[in-house]
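Asker: The structure that follows is given in the form of structure tokens.
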Amino acid sequence: MTSLNLRSDLRKALGFVSNPKFERREPRDNDFDSFLSLIANLHKENSDFFSTYDYEWTLKRDSYNSPIEAYYQFRILNVLSTLPLDQLAEQQCEDIVVRIVPRARSRAYARKVGKYRVIATTTGHTVSLELFISLWLKGTSLGYSISGNAPKNYNDAAANFMIALRSAEEKMVNSVNVYVAYLLTLLDNEVPSAAASNIFADKELFVPGWQSEMEQRENLWASAEGFVLFHELAHVMSGHIESSSERSNALEVDVDSVGLQLSEVDNSRHGGSAATLGACIFFFNEMLLTLYEEAVEANLGNYDPEGESHQSVFELMLRTCHHKKYFEADSNSPGLIPCKEAYHAMSMVFASVKWFAMSRWGSESSLYEFVLREST
């Protein structure tokens with residue numbers, strides 16, 4: 001099959017869940033050649049892998065709908081091409097394709113399309129992650145503008161976030177309101193009126209010292225998307241998409257662990273920022289999506305607590321606890337220290353948005369006090 005046929009056949013197969021209005025210009029659309037060169041370097045390094053497992057098509061530009069698909073494909077190949085051949089022989093590792101589906105509400109998933117094992121993420125999911133990261137950056141940068149303390153790590157950044165909540169609560173309340181409005185727009189299957197990266201844009205977003213605002217945004221986004229990719233890759237390699245058996249939460253926890261191990265391989269080979277860090281963002285963002293999705297569906301009379309469309313908040317919390325234990329098991333590992341710090345930091349963003357719902361029920365008054373209590 002030529003790369004053009006591959007692309008058109010997959011578009012046709014995934015078209016029934018797509019919505020053209022969610023087609024978007026990706027921030028990396030000028031980077032096609034650089035991503036293809038990364039794949040070409042992998043091919044030079046291990047050409048036997050590419051020929052044995054039918055990945056020659058990944059070298060061709062017309063195999064992809066966008067540069068970001070090439071970037072995602074590179075990260076998958078960056079891990080697979082590193083694994084020992086005897087391990088690859090025991091796993092489902094051939095014909096794995098990454099695609100981005102223009103859709104608002106669907107989560108990432110993996111499915112079989114012909115001979116291909118497709119890992120599909122969505123534009124709506126990407127926007128929700130961008131929203132979460134933007135709210136975090138708004139709080140940390142606003143806190144810096146008040147304290148003057150440039151952060152050197154996530155603990156310092158979290159301290160600035162709390163300063164923003166305490167000393168500029170009105171601005172932070174407005175930011176949380178904007179975040180929720182955009183989230184509800186997505187859940188209503190509509191396209192937000194502006195890019196998520198711009199909704200909080202002002203001079204406060206540029207913090208000197210530890211990382212620039214753009215570096216933080218890129219690193220956090222790459223980390224979160226990386227965790228999603230490697231979680232789905234773990235499902236594919238384990239043969240789960242070949243089986244019709246029901247996926248339990250215990251299975252998802254096991255897959256999370258494998259996905260984290262795969263992400264550590266990717267990070268060690270400079271594929272992207274550590275997806276072990278991105279898991280923190282993913283879990284808290286997913287819990288917020290689920291909280292508001294359930295609220296919207298309940299308001300419309302469509303919510304089925306026994307439904308299989310997504311996991312419950314409680315199930316996601318259990319997975320989050322297992323993830324926390326994963327990186328607490330090796331307390332001396334330098335690579336996991338940022339994950340511990342980020343876990344606490346991202347819990348503050350989650351608590352801030354949770355406060356919005358609680359305040360609407362009349363049970364909370366102070367955003368700062370609520371976040372302080374919830375994230376301690």
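Asker: Would you mind finding the one in SER47, SER51, SER81 that is surrounded by fewer than 22 Cβ atoms within 10 Å (Cβ to Cβ) and in contact with a His (Cβ under 9 Å, 6 or more places away or on another chain)?
Answerer: After applying the criteria, what remains is SER81.
Asker: Specify the residue that is nearest to GLU94 (Cα to Cα); the eligible residues are those in the stretch 104-128 that are part of a strand (DSSP E or B) and polar (S, T, N, Q).
Answerer: THR121
Asker: Can you find, within the stretch 167-189, the residue that is surrounded by the most Cβ atoms within 10 Å (Cβ to Cβ) among those that are within 20 Å of the chain's Cα centre (by Cα) and not hydrophobic (A, V, I, L, M, F, W, C)?
Answerer: TYR179
Asker: Still on this structure, I have one more. Just give me the residues in the stretch 84-106 being at pLDDT 80 or above and either buried (at least 19 other Cβ atoms within 10 Å of the Cβ) or farther than 19 Å from VAL258 by Cα (or both), in sequence order.
Answerer: CYS93, ASP95, ILE96, VAL97, VAL98, ARG99, ILE100, VAL101, PRO102, ARG103
Asker: Let me ask you something else. Here is a list: GLN91, GLN73. Which entry is more than 18 Å from the chain's Cα centre (by Cα) and not assigned by TED's automatic domain parsing to the domain that holds LEU262?
Answerer: GLN91
Asker: Can you name every residue in the stretch 217-267 that is of a type in the set (D, E, K, R), over 16 Å from ALA108 (Cβ atoms) and not in a helix (DSSP H, G or I)?
Answerer: Across the stretch 217-267, the qualifying residue is only GLU246.
The values are calculated or read from the model by the stated rules, or taken from the named source; none is laboratory data. Quick caveat: nothing in here was measured; it's all calculated off a predicted structure. Ideal geometry is used to build each Cβ from the backbone, glycine not excepted, and the neighbour counts take in all protein chains shown.
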